[in-house]
Amino acid sequence: MSKVWGYTELNGPHVWKEMYPQAAGERQSPVDIRTRQTTQSSDLSSNPLRWTYVPENTRSLVNPGYCWRVDVDGKGSQLTGGPLGDEIFVLEQFHSHWGCSDSRGSEHTVDGEAFAGELHLVHWNQTKYASFAEAAGQPDGLAVLGVFLKRFSELSSNRGVHLHQHKTNISNPSFQVTMPKPLDPANLLPATKAYWTYLGSLTTPPCTESVTWILFKEPIEVSHEQLEHFREMRCYDAREECPCDDSLHKTFEYGKVINNYRPPLELGSRELREYGGH
């Protein structure tokens, strides 16, 4: 058994439950979205999903060793409506998952089909809890907006994930950079508000079952070049040697952050609801 969780044969998702018991629960994520099994709910239409973000509050871009992540000051941000009812959730951070090729990398799949990657905007329930840490341990504590990433020949000027200008700075976990200009998280969301929703968990250890998932049906487009920049990231500190031959400590093969996604798990008896959008 490896000493740290990761995405290799020794410490990957298939053994996380041995290190983190919650990973063996019945409310785990991700899942395969089987579109014929979804149900329509009137409450999703009567109380539409709404969000507001403050671009100036996107603070820093970091490499925690298994993805890239943008940390956010949630002051002024607000996600409410839809499956969240009237409770207010504030943005904590957003990050991404990707694969070794443009044909896989998303954590959720749709009728068995994977996408090149998946973006997660992580929010916490400010109505009920005093902090992200407190909310993360509660069954209604978190809400994650999930957006599929789809390869496109050119990266849109106002859609997509613009990491390439920072790739050198966060190539290793020892670095983080302050965002050089405001970034509006709303620009990372698709134009169409149609989505699926279900109750699930964090997709990385400790896999706490605290997430209301909201997965947009429409993907956003990223370029092949952008996805290649993601795959150039390293999982080890710049001051350390690559742990490529150390099976007890490496989190990825060859020290590169590639295939940082958890495969789909069974939905079980959980309800998968959908909102068609307009």
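Tabulated results
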| read-out | value |
| --- | --- |
| For GLY76: the one exception among (1) without any contact (Cβ under 8 Å) to a residue 60 or more places away in the chain; (2) under 17 Å from the mean Cα position of the chain (by Cα) | (2) |
| Matching entry among VAL222, VAL177 (being modelled with pLDDT under 95, surrounded by 14 or more Cβ atoms within 10 Å (Cβ to Cβ), touching a helix residue (DSSP H, G or I) at 6+ places or on another chain (Cβ under 6 Å) and under 26 Å from SER77 (Cβ atoms)) | VAL177 |
| Count of the range 37-73 residues which are modelled with pLDDT of 90 or more, out of contact with any Lys or Arg (no Cβ under 7 Å at 6 or more places or on another chain) and charged (D, E, K, R) | 3 |
| Filter pass, VAL122 being touching a residue at least 12 places away in the same chain (Cβ under 8 Å), under 18 Å from GLU209 (Cα atoms) and assigned to a strand (DSSP E or B) | yes |
| Residue pairs meeting the criteria (Cβ under 8 Å; at least 6 apart or on separate chains; first surrounded by 16 or more Cβ atoms within 10 Å (Cβ to Cβ), in the range 35-58; second of a type in the set (Lys, Arg)) | THR38/ARG273; LEU44/ARG273; LEU49/LYS193; VAL54/LYS75; ASN57/LYS75 |
| Members of the range 78-97 that are small (Gly, Ala, Ser) and not in a strand (DSSP E or B) | GLY81, GLY82, GLY85 |
| Residue that is nearest to ARG234 (Cα to Cα) [pool: residues in the range 1-34 that are open to solvent by 20 Å² or more (accessible area, probe 1.4 Å) and aliphatic (A, V, I, L, M)] | VAL4 |
| Failed condition for ASN187, given (1) assigned to a loop (DSSP other than H, G, I, E, B); (2) over 17 Å from PHE230 (Cα atoms); (3) at pLDDT below 95 | (1) |
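The values are calculated or read from the model by the stated rules, or taken from the named source; none is laboratory data. Keep in mind that this is a model prediction, so the values were computed, not measured. Please note: Cβ atoms are built from the backbone with ideal geometry, for glycine as well, and neighbour counts cover all protein chains shown. With ligands, DNA and RNA removed, areas are computed over all heavy atoms of the protein, side chains included. Shrake-Rupley method; radii C 1.70, N 1.55, O 1.52, S 1.80 Å.
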